[in-house]
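Colleague: One structure is given below, represented as structure tokens, and several questions about it will come after.
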Amino acid sequence: MAEQIKAVRGMRDILPEEVRIWQTVESIVFQTLEAFGFEEIRVPVVEELKLFQRSVGSFTDIVQKEMYVFKDKGDRILALRPEATASVVRAYLEHQLYTKRKITRLYYAGPMFRYDRPQKGRYRQFFQIGAEIFGGKSPYFDAELIVILAKIIEKLNVSNYVFETNSVGCDACKISYGMKLKQFLEPAKERLCQDCQTRLQGNVLRVLDCKVISCREIIKEAPVIQDVLCDDCRKHQENFYTTLDDNKIHYKKNPYLVRGLDYYTKTVFELKIGEEENAVAGGGRYDNLVSELGGPETPAAGFAIGMDRLCGLINLEVERKKEICVIFLGQHALQKGTAILNNSRVDGIKIVADYEQRPLKNHLKIADREGVKHILILGDNELQKQIFLYKNMSNGFQKEIKFSELSKFFKEINNA
Ligand SMILES: [Zn+2]
Ligand SMILES: [Zn+2]
């Protein structure tokens with residue numbers, strides 16, 4: 001036998017059973033975003049490496065360890081996107097979308113790639129749906145993003161969720177907090193992991209999202225950014241929290257939440273379900289990213305939902321579409337019957353034909369094994385009478401359906 005090729009490590013197939021759940025979740029997410037005025041943008045999966053170095057940040061784990069980087073035949077250094085905010089910002093600038101609307105609301109959906117250690121709910125190709133708002137600096141925009149996520153999660157019948165929130169401050173706040181944090185960590189340097197010792201020199205805030213237990217122990221005692229926030233950042237945060245309160249959003253302040261990307265300013269947040277440690281969605285404000293990528297000063301904020309994780313956590317019963325199996329007995333019935341069937345098909349119900357010739361009882365055995373309840377049979381007798389014979393496999397009920405009433409019958413079954 002020939003060698004069988006398997007999916008690449010960390011990449012997976014999502015089978016129809018699971019896709020049904022995904023499609024339901026996707027349509028809830030898209031409808032909610034559209035209702036808040038977001039429009040879809042589609043951006044490429046491949047970008048220049050430097051886009052991510054300059055946005056996500058050179059000192060982040062994502063850029064340093066987890067990116068798929070390659071050279072194409074034209075010697076360009078490219079990367080599979082590890083996230084899509086950078087691409088959306090690039091597109092926003094490239095097409096000067098800021099000249100079209102004062103506030104631009106965009107959403108995207110698609111696969112992202114990170115060369116991470118595969119584990120439950122975490123894959124090297126994973127799927128995100130994200131939203132970005134450009135041009136608004138008010139904390140109401142930050143709150144709007146959280147309200148959208150809350151509406152989505154409630155439509156999915158999840159009630160045990162919480163938002164963790166924090167502010168990472170503006171550039172000035174980040175610098176003064178960074179200094180304070182460095183002072184605090186310096187004496188404990190020997191006990192920090194190798195990566196964190198490097199982070200101490202590069203980007204000290206990254207120590208806060210280290211997963212190593214010994215580092216986490218030290219971080220527990222670290223100073224918090226709230227103590228150094230400037231007036232502007234503090235006011236922004238207060239208004240943000242007031243708006244969340246007014247909207248009855250369930251949130252918890254986490255003073256050490258920084259997210260794994262460098263571009264955030266002020267508000268950051270994560271959405272968690274139940275006791276799960278990993279977030280199903282996260283985001284925040286990134287007021288400097290647009291200008292850092294060569295555009296005009298443009299405040300912005302956004303979030304991304306991890307669809308693999310979300311769809312794995314929710315308990316959603318999605319009903320299968322109804323299915324009718326059509327059996328043709330004999331060459332003549334098959335020849336005449338397929339066109340009659342195809343002309344009568346209606347949307348919303350699955351009508352599948354088995355064109356193979358085999359005895360009726362074998363056909364019925366297969367239908368029974370595959371759980372098909374509704375059967376239509378066309379043999380020479382039926383053809384002559386211009387009818388299909390309908391058979392309900394669950395209760396044995398039978399009746400004749402005229403060719404001319406086939407579409408009507410399909411609709412009836414679908415609506416039953
Ligand atoms: Zn500040
Ligand atoms: Zn560490």
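The values are calculated or read from the model by the stated rules, or taken from the named source; none is laboratory data. Everything numeric in this text was worked out from a predicted model, so none of it was measured. Using ideal geometry, Cβ is built from the backbone for each residue, glycine included, and neighbour counts are taken over all protein chains shown.
Colleague: From (1) more than 18 Å from residue 403 (Cβ to Cβ); (2) part of a loop (DSSP other than H, G, I, E, B), pick out the condition that doesn't hold for residue 346.
Modeller: The number of the failed condition is (1).
Colleague: Separate question: Does any residue of the range 166-176 turn out to be loosely packed, with under 13 Cβ neighbours inside 10 Å, more than 21 Å from residue 116 (Cβ to Cβ), modelled with pLDDT of 90 or more and within 14 Å of ligand 2 (Cβ to nearest atom)?
Modeller: No, every residue in the range 166-176 fails to be loosely packed, with under 13 Cβ neighbours inside 10 Å, more than 21 Å from residue 116 (Cβ to Cβ), modelled with pLDDT of 90 or more and within 14 Å of ligand 2 (Cβ to nearest atom).
Colleague: Check residue 182 against each of (1) more than 19 Å from residue 144 (Cα to Cα); (2) within 14 Å of ligand 1 (Cβ to nearest atom) and name the one condition it does not meet.
Modeller: Answer for residue 182: the failing condition is (2).
Colleague: Sticking with this one: For the range 186-212, what are the residues that are among the polar types (S, T, N, Q), more than 9 Å from ligand 2 (Cβ to nearest atom) and surrounded by 13 or more Cβ atoms within 10 Å (Cβ to Cβ)? Reasoning before the result, please.
Modeller: The initial filter retains those residues of the range 186-212 that are among the polar types (S, T, N, Q), namely 194, 197-198, 201, 203.
This time we only want the ones that are more than 9 Å from ligand 2 (Cβ to nearest atom), so: 198, 201, 203.
198, 203 - these are the residues of the range 186-212 that are among the polar types (S, T, N, Q), more than 9 Å from ligand 2 (Cβ to nearest atom) and surrounded by 13 or more Cβ atoms within 10 Å (Cβ to Cβ).
Condition check ((1) assigned to a strand (DSSP E or B); (2) under 15 Å from residue 62 (Cβ atoms); (3) free of Cβ contacts under 8 Å to residues at least 40 places away in the same chain) across all residues:
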| site | (1), (2), (3) |
| --- | --- |
| 108 | yes, no, no |
| 115 | no, yes, no |
| 131 | yes, no, no |
| 143 | no, no, no |
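Colleague: Further question: Scan (1) within 16 Å of ligand 1 (Cβ to nearest atom); (2) closer than 26 Å to residue 276 by Cβ; (3) part of a helix (DSSP H, G or I); (4) in contact (Cβ under 8 Å) with a residue 60 or more places away in the chain for the single condition residue 206 breaks and write down its number.
Modeller: Only one criterion is unmet by residue 206, namely (1).
Colleague: Count, please, the residues in the range 147-177 that happen to be within 32 Å of the chain's Cα centre (by Cα), within 17 Å of residue 258 (Cα to Cα) and part of a helix (DSSP H, G or I).
Modeller: Result for the range 147-177: 3.
Colleague: Let me spell it out: the conditions are (1) within 16 Å of ligand 2 (Cβ to nearest atom); (2) assigned by TED's automatic domain parsing to the domain that holds residue 132; (3) of a type outside the set (Phe, Trp, Tyr); (4) assigned to a helix (DSSP H, G or I), and residue 215 meets all of them except one. Which number is the exception?
Modeller: (2)
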